[in-house]
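A.B. asks: Would you mind keeping the following structure in view while I ask a few things?
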Amino acid sequence: MKAMRIHDFGGPENLQQDEVDIPQPGPGEVLLRMRAAGVNPIDWKTCSGGGASGFIEALPFCPGWECAGTVEALGEGVDTLRSGDEVMGFVRFPHPAGCYAEHLVAPADQLCLRPAALDPVTAAGLGLAGLTAWQALFEVGQLKAGQSVLVLAAAGGVGHLAAQLAKWKGAHVIGTASSGNKCFLQSLGCDDVIDYGRQQVENLIHDADLIIDGVGGDTAIRALDCLNPHGLMVTLPSVTAAEVVAAGEARGLRVKGIRARPDAAQLHDLSMLASSGKVMLNVADTLPLSEAAKAHQLSSQGHIRGKLVLTA
Ligand SMILES: NC(=O)c1ccc[n+]([C@@H]2O[C@H](COP(=O)([O-])OP(=O)(O)OC[C@H]3O[C@@H](n4cnc5c(N)ncnc54)[C@H](OP(=O)(O)O)[C@@H]3O)[C@@H](O)[C@H]2O)c1
């Protein structure tokens, strides 16, 4: 089978197409024929030696943590799935999962059935960003109807799902994006849209109950001014999480960094919302698996609207 892999850490050009053996499922695992794999910033960050690279035991490394595929074989003890099932998943994170390949072995308990109304590309793009948004809003953020949520980078993979999920929960949603994404954010249900190129969000908002920060660094630190005294910021970019948490603590504000984790029950719930049209995954573009390097180059520019998805 074909797998996109790096043999050395570095830029997108290091991703190469290798011919490798089809893996065999172990106990509790299934073999999938990949139909689509979502692309996330953690993919190129890890390939460049950051991100989740500390969890790679040996190169070569095949990136990708979310997918949609068809079950082809069952490992010992798997009785929740059958051969031929169409499934979707966010798997093994932060350990290597290898979704950028024609076949994948995945833990059965990290997969859920793909609703017929969700095409494989949409299903593949939902997992990592969707569960990050879900866990940030509902587990860590404990969001309640009527609360005010500020989403920094609301046009991004996590942000556009977080904005819609917060709206679905009954929150007042404020999103930041560049001017070209104003209509997009309104279409997601954002009550207020702030063009970060023209306005400083910290000058406009001072009573947010929850901030979902998809930008990090100085932008996140400045946005601490937007929190009400009892509010919470969930900061997503791990590379700046410690400094943002420290800046919040210094001011007596609550800031938490998180690491998203696979959760098939949450993914099932999210897939139901997506298949009923309550939440929409915006697919910015699809590219063939062989063009994974181009996908990494595009993603690393930081302006994807929604998600990029690779098709096998
Ligand atoms: N901790 C975790 O478990 C976890 C999980 C998922 C993601 N993350 C991290 O969270 C961050 C966001 O992830 P993602 O997948 O949503 O990224 P993404 O899809 O690459 O985000 C792209 C979006 O960011 C927006 N953006 C760029 N600069 C901005 C700014 N200064 N203010 C507001 N929006 C801005 C862009 O909108 P415009 O084009 O309008 O500028 C674009 O739509 C990444 O750093 C990612 O690694 C962490």
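A.B. asks: For the structure I just gave you, tell me whether VAL215 is of a type outside the set (Gly, Ala, Ser), within 26 Å of SER300 (Cβ to Cβ), more than 9 Å from the ligand (Cβ to nearest atom) and surrounded by 17 or more Cβ atoms within 10 Å (Cβ to Cβ).
C.D. replies: no
A.B. asks: For residues that are of a type in the set (Phe, Trp, Tyr) and either under 20 Å from GLN17 (Cα atoms) or at pLDDT below 95 (or both), tally how many sit in segment 51-76.
C.D. replies: Qualifying residue count, segment 51-76: 2.
A.B. asks: Among the residues of segment 141-170, which ones are in a loop (DSSP other than H, G, I, E, B) and either of a type in the set (Ser, Thr, Tyr) or in contact with a Leu (Cβ under 6 Å, 6 or more places away or on another chain) (or both)?
C.D. replies: GLY141, LEU143, ALA154, LYS169
A.B. asks: Do we have any residue at all in segment 16-30 that's open to solvent by less than 20 Å² (accessible area, probe 1.4 Å) and within 16 Å of the ligand (Cβ to nearest atom)?
C.D. replies: no
A.B. asks: Something else now. Considering GLY127, GLY51, GLY64, which residue is within 13 Å of the ligand (Cβ to nearest atom), under 17 Å from the mean Cα position of the chain (by Cα), of a type outside the set (Asp, Glu) and in a loop (DSSP other than H, G, I, E, B)?
C.D. replies: Only one candidate passes the filter, namely GLY51.
A.B. asks: Right, here's the next one. Going by what's in this entry, would GLY84 be described as within 16 Å of the ligand (Cβ to nearest atom) and surrounded by fewer than 20 Cβ atoms within 10 Å (Cβ to Cβ)?
C.D. replies: no
A.B. asks: So, one more: Which of the residues that make up segment 181-204 are near the ligand (Cβ under 8 Å from one of its atoms) and polar (S, T, N, Q)?
C.D. replies: Within segment 181-204, ASN181 is the sole residue that qualifies.
A.B. asks: Before we move on, is GLY38 touching a Lys or Arg at 6+ places or on another chain (Cβ under 8 Å) and part of a loop (DSSP other than H, G, I, E, B)?
C.D. replies: So GLY38 does not fit the description; no.
A.B. asks: Can you confirm whether segment 106-113 contains a residue that is within 16 Å of the ligand (Cβ to nearest atom), assigned by TED's automatic domain parsing to the domain that holds ALA292 and outside any strand (DSSP E or B)?
C.D. replies: Yes, segment 106-113 contains a residue that is within 16 Å of the ligand (Cβ to nearest atom), assigned by TED's automatic domain parsing to the domain that holds ALA292 and outside any strand (DSSP E or B).
A.B. asks: Let me spell it out: the conditions are (1) within 12 Å of the ligand (Cβ to nearest atom); (2) open to solvent by 60 Å² or more (accessible area, probe 1.4 Å); (3) not small (Gly, Ala, Ser), and PRO262 meets all of them except one. Which number is the exception?
C.D. replies: So PRO262 meets the others, but not (2).
A.B. asks: To continue, here is another question. Evaluate the following for GLY157: is it within 18 Å of the chain's Cα centre (by Cα), within 11 Å of the ligand (Cβ to nearest atom), at pLDDT 95 or above and under 20 Å from ASP225 (Cβ atoms)?
C.D. replies: Answer is no for this residue.
A.B. asks: What are the residue pairs meeting all of these: first residue in segment 249-274, first residue farther than 23 Å from ALA97 by Cβ, second residue of a type outside the set (A, V, I, L, M, F, W, C) and open to solvent by 80 Å² or more (accessible area, probe 1.4 Å), Cβ atoms under 9 Å, and 6 or more apart or on different chains?
C.D. replies: What qualifies is GLY252/PRO229; LEU253/PRO229; ARG254/HIS230; VAL255/GLU249; MET272/LYS278.
A.B. asks: Need the failing condition index for ALA117 against (1) over 18 Å from the mean Cα position of the chain (by Cα); (2) not in a loop (DSSP other than H, G, I, E, B), just the number.
C.D. replies: ALA117 satisfies all of (1) over 18 Å from the mean Cα position of the chain (by Cα); (2) not in a loop (DSSP other than H, G, I, E, B) except (2).
A.B. asks: Looking at segment 164-180, which of the residues that are under 23 Å from GLY277 (Cβ atoms) and in contact with a strand residue (DSSP E or B) (Cβ under 8 Å, 6 or more places away or on another chain) is nearest to the ligand (Cβ to nearest atom)?
C.D. replies: Only one residue fits best here, namely ALA177.
The values are calculated or read from the model by the stated rules, or taken from the named source; none is laboratory data. Please read all numbers here as calculations on a predicted model, not as lab measurements. As a convention, Cβ positions derive from the backbone with ideal geometry for all residues, glycine included, and neighbour counts pool all protein chains shown. Heavy atoms of the whole protein, side chains included, go into the accessibility calculation; ligands, DNA and RNA do not. Shrake-Rupley method; radii C 1.70, N 1.55, O 1.52, S 1.80 Å.
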